[in-house]
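Enquirer: Below you will find the structure I want to go over with you.
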Amino acid sequence: MATLGIAGAKLALVDKNGIVLTGTDGIFKYTDQATTDKTGIFDVTVDTSFGVASVALTNLFGTTTDIFGNNKLVYKSAGKGAAQTVLTVNSLPNEIKMAALGMPSDGKGGFTITGKADPNNRVAYLAESAEAFDIDKPVYVGMYMGTASEAGATLTSNNANDNRTTDAITIAGLERGDDGFGKYFYSSAPKFDKSAMLADVFKTATTGGTTTDGGH
């Protein structure tokens, strides 16, 4: 999958069925948009977050085991990988980041460091790049749900230069029923449908055929 750069990403909180949570349950729950939010999707753009720095996917495939028979290597037993993403954003809004990480709010600007990720706080994302040899044909990767965490944070003194840090969030993937972890989407495919892609990654109660339960 040859790609060129990174053009943006979208984030949402979802319930255990992969249905997008909105309003006071969604990604905007710690912001002043909580009562007006209808989509539950945060768009990571240059304007909102100074853009996406990188999207790194690992563990997409499991290991293989040799199977021998009649003194020959006759088969490979394939294990399943545990898909994981490190999403690095230049400056994710604090309240959006805390919602994605599932950190509890005290309602007064404080967010509790609990020491562990919240498995019931699930994040879905869709990232956009471009094909390496055709910038007009975006390549997308969407992950249906995962548990987000941030292993560490370093605050560094400025010197002659600004010492900036980025927001690097690790999303450990979960499978959404029989749908798997997610999908690649190629806009160069003859029947590519952007609306269908968005509806697939960010399911609603209508498209998903179920109702939300707050993620528990």
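Enquirer: Would you confirm whether or not the stretch 118-125 contains a residue that is hydroxyl-bearing (Ser, Thr, Tyr), in contact with a strand residue (DSSP E or B) (Cβ under 6 Å, 6 or more places away or on another chain) and open to solvent by less than 20 Å² (accessible area, probe 1.4 Å)?
Expert: Among the residues of the stretch 118-125, at least one is hydroxyl-bearing (Ser, Thr, Tyr), in contact with a strand residue (DSSP E or B) (Cβ under 6 Å, 6 or more places away or on another chain) and open to solvent by less than 20 Å² (accessible area, probe 1.4 Å), which makes the answer yes.
Enquirer: Go through LEU87, LEU73, LEU92, LEU101 for me and flag whichever is in contact with a helix residue (DSSP H, G or I) (Cβ under 8 Å, 6 or more places away or on another chain) and not acidic (Asp, Glu). Steps first, please.
Expert: Working: LEU87 fails: in contact with a helix residue (DSSP H, G or I) (Cβ under 8 Å, 6 or more places away or on another chain); LEU73 fails: in contact with a helix residue (DSSP H, G or I) (Cβ under 8 Å, 6 or more places away or on another chain); LEU101 fails: in contact with a helix residue (DSSP H, G or I) (Cβ under 8 Å, 6 or more places away or on another chain).
None of the other options fit; the residue is LEU92.
Enquirer: Might you let me know whether the stretch 19-37 holds any residue that is part of a strand (DSSP E or B) and at pLDDT 95 or above?
Expert: Narrowing the stretch 19-37 to residues part of a strand (DSSP E or B): 19-20.
From what is left, the residues that are at pLDDT 95 or above are 19-20.
Yes, the stretch 19-37 contains a residue that is part of a strand (DSSP E or B) and at pLDDT 95 or above.
Enquirer: May I ask you to say which residue of THR24, THR31 is in contact (Cβ under 8 Å) with a residue 60 or more places away in the chain, β-branched (Val, Ile, Thr), open to solvent by 30 Å² or more (accessible area, probe 1.4 Å) and over 20 Å from GLY182 (Cα atoms)? Steps first, answer last, please.
Expert: Working: THR24 fails: in contact (Cβ under 8 Å) with a residue 60 or more places away in the chain.
Going through THR24, THR31 in turn, just one is in contact (Cβ under 8 Å) with a residue 60 or more places away in the chain, β-branched (Val, Ile, Thr), open to solvent by 30 Å² or more (accessible area, probe 1.4 Å) and over 20 Å from GLY182 (Cα atoms): THR31.
Enquirer: Being open to solvent by 80 Å² or more (accessible area, probe 1.4 Å), of a type in the set (Asp, Glu) and over 26 Å from ASP178 (Cβ atoms) is the requirement here; does ASP106 meet it? Don't jump to the end; show me each part of the working.
Expert: Values: open to solvent by 80 Å² or more (accessible area, probe 1.4 Å): yes; of a type in the set (Asp, Glu): yes; over 26 Å from ASP178 (Cβ atoms): yes.
It is true that ASP106 is open to solvent by 80 Å² or more (accessible area, probe 1.4 Å), of a type in the set (Asp, Glu) and over 26 Å from ASP178 (Cβ atoms).
Enquirer: Could you give every pair whose Cβ atoms fall below 9 Å, whose first residue belongs to the stretch 100-127 and is within 13 Å of SER149 (Cα to Cα) and of a type in the set (S, T, N, Q), and whose second residue is open to solvent by 50 Å² or more (accessible area, probe 1.4 Å) and part of a loop (DSSP other than H, G, I, E, B), counting only separations of at least 6 or pairs across chains?
Expert: Once the first residue is within 13 Å of SER149 (Cα to Cα) and of a type in the set (S, T, N, Q) and sits in the stretch 100-127, its partners that are open to solvent by 50 Å² or more (accessible area, probe 1.4 Å) and part of a loop (DSSP other than H, G, I, E, B) give THR114/PRO104; ASN120/LYS16; ASN120/HIS216.
Enquirer: Something else: Taking the stretch 57-102, which residues are under 15 Å from ALA124 (Cα atoms) and open to solvent by 40 Å² or more (accessible area, probe 1.4 Å)?
Expert: Residues satisfying the conditions are LEU57, GLN84, VAL86.
Enquirer: Here is a follow-up. Restricting to the stretch 163-185, and then to whatever is among the hydroxyl-bearing types (Ser, Thr, Tyr) and modelled with pLDDT of 95 or more, can you tell me which residue is farthest from ILE96 (Cα to Cα)?
Expert: Here is the first cut: in the stretch 163-185, the ones among the hydroxyl-bearing types (Ser, Thr, Tyr) are 165-166, 170, 184.
Still in the running and modelled with pLDDT of 95 or more: 170, 184.
Details: THR170: 15, TYR184: 25 Å.
The residue in question is TYR184.
Enquirer: How many residues, within the stretch 38-50, are aromatic (Phe, Trp, Tyr) and part of a loop (DSSP other than H, G, I, E, B)?
Expert: To start, the set of residues in the stretch 38-50 that are aromatic (Phe, Trp, Tyr) comprises 42, 50.
Now drop any that are not part of a loop (DSSP other than H, G, I, E, B), which leaves 50.
Matching residues across the stretch 38-50 total 1.
Enquirer: Which residue pairs have Cβ atoms closer than 8 Å, lie 6 or more positions apart in sequence or on different chains, and pair a first residue in the stretch 183-204 that is under 15 Å from GLU128 (Cα atoms) and without any contact (Cβ under 8 Å) to a residue 12 or more places away in the chain with a second residue that is outside any loop (DSSP other than H, G, I, E, B) and open to solvent by 80 Å² or more (accessible area, probe 1.4 Å)?
Expert: Here the result reads PHE192/TYR186, each pair linking the stretch 183-204 to a residue that is outside any loop (DSSP other than H, G, I, E, B) and open to solvent by 80 Å² or more (accessible area, probe 1.4 Å).
Enquirer: Still on this structure: If you scan the stretch 1-17, which residues turn out to be among the hydrophobic types (A, V, I, L, M, F, W, C) and in a strand (DSSP E or B)?
Expert: Restricting attention to the stretch 1-17, the residues satisfying the condition of being among the hydrophobic types (A, V, I, L, M, F, W, C) are 1-2, 4, 6-7, 9, 11-14.
Residues satisfying the conditions are LEU4, ILE6, ALA7, ALA9, LEU11, ALA12, LEU13, VAL14.
The values are calculated or read from the model by the stated rules, or taken from the named source; none is laboratory data. Because the structure is predicted, anything quoted here is derived from the model rather than measured. Don't worry about glycine lacking a Cβ; one is built from the backbone with ideal geometry, like all the others, and counts go over all protein chains shown. All accessible areas refer to the heavy atoms of the entire protein, side chains included, with ligands and DNA or RNA removed. Shrake-Rupley method; radii C 1.70, N 1.55, O 1.52, S 1.80 Å.
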